[in-house]
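**Student:** Dumping the structure here so I can ask a few things about it.
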Amino acid sequence: MTDTKASPLVARDRRVVWHPYTQMRTSPDPLPVVRGRGVYLYMEDGRRILDGISSWWVNIHGHAHPRLNAALARQAGELEHVMFGGCTHEPAVTLAERLVAILPPRLTRVFFSDDGSTAVEVALKVAHQYWRNRGQPQRTTFVALEHAFHGDTVGAMSVSARSVFTDAFEPLLFPVLRAEAPYRYRCAHCAGEPRCSLACLSSLERLLEARASEVAAVIVEPMLQGAGGMIVWPAEYLVGVRALCDRYGTLLVADEVLTGFGRTGRMFACEHAGVAPDLICLSKALTGGYLPLAATVVSDEVFDAFLSDDRAQAFFHGHSFTANPIACAVALASLDLFEDGRVLERVARLEAQLDRGLSGLRGLPLVGDVRVIGGVGALELVTEQRQGSGGYLDRVGPTLAAAFLERGLLLRPLGNVLYFMPPYVITDAEVDWALDQIRDVLTALSPAS
Ligand code: PMP
């Protein structure tokens, strides 16, 4: 087994640090990471581990990238931070301009914040106040999808599906209307059919038909629902969501915190469906995974509802580190790396390799479903627990994580959903190596072996 007990850093950590999700007496020790280079993380004791989940899905160009490092240092020497209330600076303005230039049309106004959850909170608050400012204050309800995950703050949790992430906070959460997601593998409508029939979309249609006059917005994770189990959608579902929002006159919020910046093979996942939302939430890979920064980008129509001589109509929301110049400068350097098109080409090759490699595992008794989109490959495993209520707490998750760590591969399964989401700079040989580890570990764990 991996032994981090001897690590001086871990010994100190255990006395003072409270880590996310790990307050169980049996939680494994944290990994003492001292250095990152490319796809690798280096431990205090010299071990090298491949970052197979891009450090919680943020890293795309690899750790310690020379161009991002240089941008960071350069900006720190000029202006490290200034409040964004009443001040502006070059990195923020340029970043806003460049985001608008590459986003789907209609997304024209950029509101900066800090991370994925705050990008979502901003979107929810803007959508809510948009209707209030427009004289329709009764539109206070959000429609969200089953299996959704939008973050850990109270608003973001409210629109997320109920799960172990939200259970303890249930009394704090506001009610939302919940529509079916296109979860092909566990679909009640078209099980056994060769193709998705989009029957699930009628659940959203029914909700909007009955309640549209009270709905502020529909919020979705386009094409790929992440923490809910790496559920990959048919693009037609997203086309249908946009059409229903148009038909019933409500706003569409695309949470692209995970999917933005190439992760699904397109710069933004909405492009798969040729759809433009009214608001989009960006974070994670916005800075190449370097620094916390988020943007909620909205249409002119949404922005214009806040134009007024009445101060009460302004959007009273602003974080201390809004539009931090160093984070903006690194985000610009990350966008530069996309310029010649080779980054997205790399993701396309990664997708093909993941598709081939993971499809070859379909025959393993443990493997129930294989899902691949862009640089994300997932296997939904059939475990005794999952047939009951398993989900995120399925015991197979920690068992697998420990087995992969022992082999030098950092993966954190979402319960019975094992996924691989490396930085795009991973080489073909490194992907093959990781796929070999996955095959070997799953074969060893399969009941038939
Ligand atoms: N939205 C989505 C789709 C996410 O996947 C996440 C994080 N996994 C968030 C929002 C929240 O982001 P953060 O952890 O940066 O607050």
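The values are calculated or read from the model by the stated rules, or taken from the named source; none is laboratory data. All of these numbers come straight from a predicted model, not from anything done at the bench. Note: ideal-geometry Cβ built from the backbone for every residue, glycine included; neighbour counts use all protein chains shown. The accessibility values were calculated without ligands, DNA or RNA, using every heavy atom of the protein model including side chains. Shrake-Rupley method; radii C 1.70, N 1.55, O 1.52, S 1.80 Å.
**Student:** Quick check for you: which residues of region 399-438 have the amide N under 20 Å from the point 7 Å beyond the Cα of Arg362 toward its beta carbon?
**Tutor:** 417-420, 435-436, 438
**Student:** Here is a follow-up. Going by accessible area, probe 1.4 Å, with all protein chains left in place, what is the ranking of Trp18, Trp433, Trp57, largest first?
**Tutor:** Trp18, Trp433, Trp57
**Student:** Further question: Quick one: Karplus J couplings for region 309-314, per residue in order, coefficients 6.51, -1.76, 1.60, θ = phi - 60°, nearest Hz, x for Gly and Pro?
**Tutor:** Calculated HN-Hα couplings, in order: 8, 8, 4, 5, 8, 5 Hz.
**Student:** Set the Förster radius R0 to 30 Å, insert the Cβ-Cβ distance between Tyr21 and Ala348 as r into 1/(1 + (r/R0)^6), and round the FRET efficiency to 0.05.
**Tutor:** Using R0 = 30 Å, I get an efficiency of 0.35.
**Student:** Can you pull out the GluC sites (Glu not before Pro) in region 260-357 that DSSP calls coil and that have at most 12 other Cβ atoms within 10 Å?
**Tutor:** Glu339
**Student:** If I model a spin label at Gln313 and Ala444 as a point 7 Å from the Cα along the Cα→Cβ vector, what separation in nanometres do I get?
**Tutor:** Distance between label points: 6.5 nm.
**Student:** Per residue, how many Å² of accessible area does region 69-340 show with a 1.4 Å probe?
**Tutor:** On a per-residue basis, region 69-340 sits at 40 Å².
**Student:** Mean separation of Cα pairs under 8 Å and 6+ residues apart, divided by the residue count of the chain: what relative contact order is that in percent?
**Tutor:** 21
**Student:** I've got another one for you. Based on a Kirkwood Rh over C-alpha pairs, give the Stokes-Einstein translational diffusion coefficient of region 306-397 at 10 °C and viscosity 1.306 mPa s in µm²/s.
**Tutor:** 88
**Student:** Students often get this wrong: which residues of region 35-66 have the backbone nitrogen under 12 Å from the point 7 angstrom along Cα-to-C-beta of Trp433?
**Tutor:** Within reach of a label on Trp433: 39-41, 48-52.
**Student:** Please give the solvent-accessible surface of Ile326 in Å², to the nearest 10, using a probe radius of 1.4 Å with every protein chain present.
**Tutor:** Solvent-accessible area, nearest 10 Å²: 30 Å².
**Student:** Please identify which residues in region 141-182 have an amide N closer than 16 Å to a label point set 7 Å out from the Cα of Glu205, following the Cα→Cβ vector.
**Tutor:** Residues 179-182 qualify, since their backbone N sits under 16 Å from the label point.
**Student:** Direction-averaged shadow area of the convex hull around the Cα atoms of the chain, nm²?
**Tutor:** 22.3
**Student:** Taking H as built 1.01 Å from N, whose amide H comes closer than 5 Å to the amide H of Leu224, not counting residues under 5 places away?
**Tutor:** Under 5 Å from the amide H of Leu224 lie the amide H atoms of Trp233, each far enough along the sequence or on another chain.
**Student:** Short version: ³J(HN,Hα) in whole Hz for each residue of region 283-300, in order, from phi by Karplus 6.51 cos²θ - 1.76 cosθ + 1.60 (θ = phi - 60°), x for Gly and Pro, what are they?
**Tutor:** 6, 6, 7, 3, 9, x, x, 8, 9, x, 7, 9, 9, 10, 10, 10, 6, 4
**Student:** Can you give me the long-range amide H partners of Val367? Hydrogens built in the peptide plane at 1.01 Å from N, cutoff under 5 Å, separation of 5 or more residues or another chain.
**Tutor:** Hits under the 5 Å cutoff: Val382.
**Student:** Let me ask another. Return the loop-located GluC sites (Glu not before Pro) in region 62-110 (DSSP other than H, G, I, E, B) with at most 14 other Cβ atoms within 10 Å of their own Cβ; answer none if there are none. Working shown, then result.
**Tutor:** Values: sites: Glu78, Glu80, Glu97; in loops: Glu80.
Sparse-neighbourhood loop GluC sites (Glu not before Pro): Glu80.
**Student:** Quick one: which residues, 5+ away or cross-chain, put their amide H under 5 Å from the amide H of Thr140? H built at 1.01 Å from N.
**Tutor:** So Thr140 has HN proximity to Ala216.
**Student:** Can you pull the percent of region 69-340's accessible area that's carbon plus sulfur, 1.4 Å probe, other chains left in place?
**Tutor:** Using a 1.4 Å probe with all protein chains present, region 69-340 comes out at 54 percent carbon and sulfur.
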